[in-house]
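Comments concern the structure below.
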Amino acid sequence: MTAPTDPSDAPRPRGLVDRLVRPPLADGPFWIIQGTVLVIVALHYFLDVHPDVASGVLPSGLPVAVLVVPIGYAALRYGLPGSLGTTAWTLVLWLPDLLLPHNEGHPGDDLLNFAVIVVVAVVFGRRVETERTTQARIDSANARALAVEAGYHRLFESTRSPIVVLDEDVRVSDANPAATALFGPVTGQPLARVLGPDVDLASLSGRVLTLENGHDYRLDLVDMPFDSDERRQQLSFEDVTEERSEERRARLFARQIVDLEEDQRRRLARELHDEPLQLFLHLARRLELLAHHEGVTEKMAAELERTRNQALEAATRLRSLARDLRPPALDQLGLVPALSSLVAEIDDQGEATISLAVHGGPTRLAPEVELGAFRIVQESLRNAQRHADAHHVDVVLDFADEGLHLRVVDDGRGFDPHAAPVTGSASLGLVGMRERARLLGGIVVLRSTPGIGTVVEATLPTGARESHPAPAPAPGP
Ligand SMILES: Nc1ncnc2c1ncn2[C@@H]1O[C@H](COP(=O)(O)OP(=O)(O)OP(=O)(O)O)[C@@H](O)[C@H]1O
Ligand SMILES: [Mg+2]
């Protein structure tokens, strides 16, 4: 393909005055026009002086109207400056004829004819000028479009990203060398044959496909810019294998951290249940037995009873801690019972009224989705308790077809979620919520208005996901 000329390199069109004062002296037709004018004027003078030579053949003198021929041609060839310049030049040549005394009988006609010629020169010249300007603009726009198109084609040919052009029937009408190297000769083939029958054009843009060569490609579908009659689209494939494997590694790492954390929580919950909790319960039983032992005074019995109650209180706190670490209801009964128990527990503490509403379902979801949802609500409730000073907190669970929607709304003091975190702050709750949602292919949106309250919304897809080991059930304290 030849390199297109850059339209900005083209000489700028000259202005009217410039073209008028600097006629195209190097142009042959310019001299033919001037010569014709000279011949007509000379003939006119000759016939004026020798009227008998052509009497009866030509009207007296040569009619000025004949001048319309060179002037019109000048207009056609050089536009308004051509017609005006030629008319002015003719007037100069004709001037002596109008002034000479021998010229009897037709100076009036000549003047009238000249007036007509000047009008014709101006009107015709202007018209031609307008058309020339319009044409020049069109030519320049076309040249620019051609240059852009040529640039695009160079890019199309040389880019390392495969690109195919699709016609209205979703057939490949063109493919660049990179696309041909990836798919083989595909021109003329339906796209479905290139990418597989399940490909839906409407949802293609932005999708990432793993192709037969094992690489991941992000697809981008745009309308072709240079087609007017037929709608064509360009489908480009950006190799994102490296980027995706980085992402996968980062996601795997994040998942391992989350799994590790859950594992530690589970282990700690089990150990709290198996060791100190049992010890406190055992201690409480022993203290109870002791209180009823022979020889124990009433005062000692009362003291033993108080100590027993303290042991029971410690056991209750440990149980609550273990439940917080890993609620057994979550694995055994599912998300809704686990959240009901969490909500009831926080509600009992009396700092705020907590409500739980469930729409749709409730159904059992994949263990990792239930756990992720539970942790997000748990952290939102904990934040509302610790930071919001809220009166009411509403938890809404919506089991929709497209996924699980969670909403935790508090009417507390709110905060600025976009404010930069305090340097060195160890706040990980919100980050953890987002990370959990991301690992599940979902999203957390947080909206908060100082003085009004905070809304945490999460959407977690509940469809088939990457396999993820189900957590082992936690002990029931
Ligand atoms: N519901 C809320 N109302 C008011 N402020 C909130 C709310 N939720 C979060 N915040 C603010 O956002 C900050 C960050 O919350 P985040 O949960 O990430 O950390 P944290 O609760 O301080 O610590 P942790 O890592 O233990 O969760 C909080 O310190 C608090 O200032
Ligand atoms: Mg927090």
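Rule-based calculations on the coordinates, nothing more; no lab input. It should be emphasised that the depicted structure is a prediction, and the values quoted were computed from it without experimental measurement. Note that we place each Cβ from the backbone using ideal geometry, even for glycine, and neighbour counts take in every protein chain shown.
Couple of notes before you dig in:
- Ranked by how many other beta carbons lie within 10 Å on average, peptides 443-453, 68-78 from highest: 68-78, 443-453
- Cα-based Rg and Dmax for region 246-326, where Dmax is the largest Cα-Cα distance (Å): 20.4, 74
- Global form of region 329-477, assessed from the alpha-carbon gyration tensor, a/c cut-off 1.5: prolate
- Using just its DSSP H runs of length 4 or more, each adding -39500 (n - 2.57), the chain gives a mean residue ellipticity at 222 nm of -17500 deg cm²/dmol after division by all residues.
- Per-peptide packing, taken as the mean over residues of other Cβ atoms within 10 Å, places 390-399, 352-361 in the sequence 390-399, 352-361 from highest down.
- Averaged over residues, the count of other Cβ atoms within 10 Å places the peptides 153-159, 265-271, 335-341 in the sequence 335-341, 265-271, 153-159, highest first.
- Rounded if a/c under 1.5, otherwise prolate or oblate - region 152-209, Cα gyration tensor axes: prolate
- Anisotropy class of the chain from Cα gyration tensor, a/c 1.5 cut: prolate
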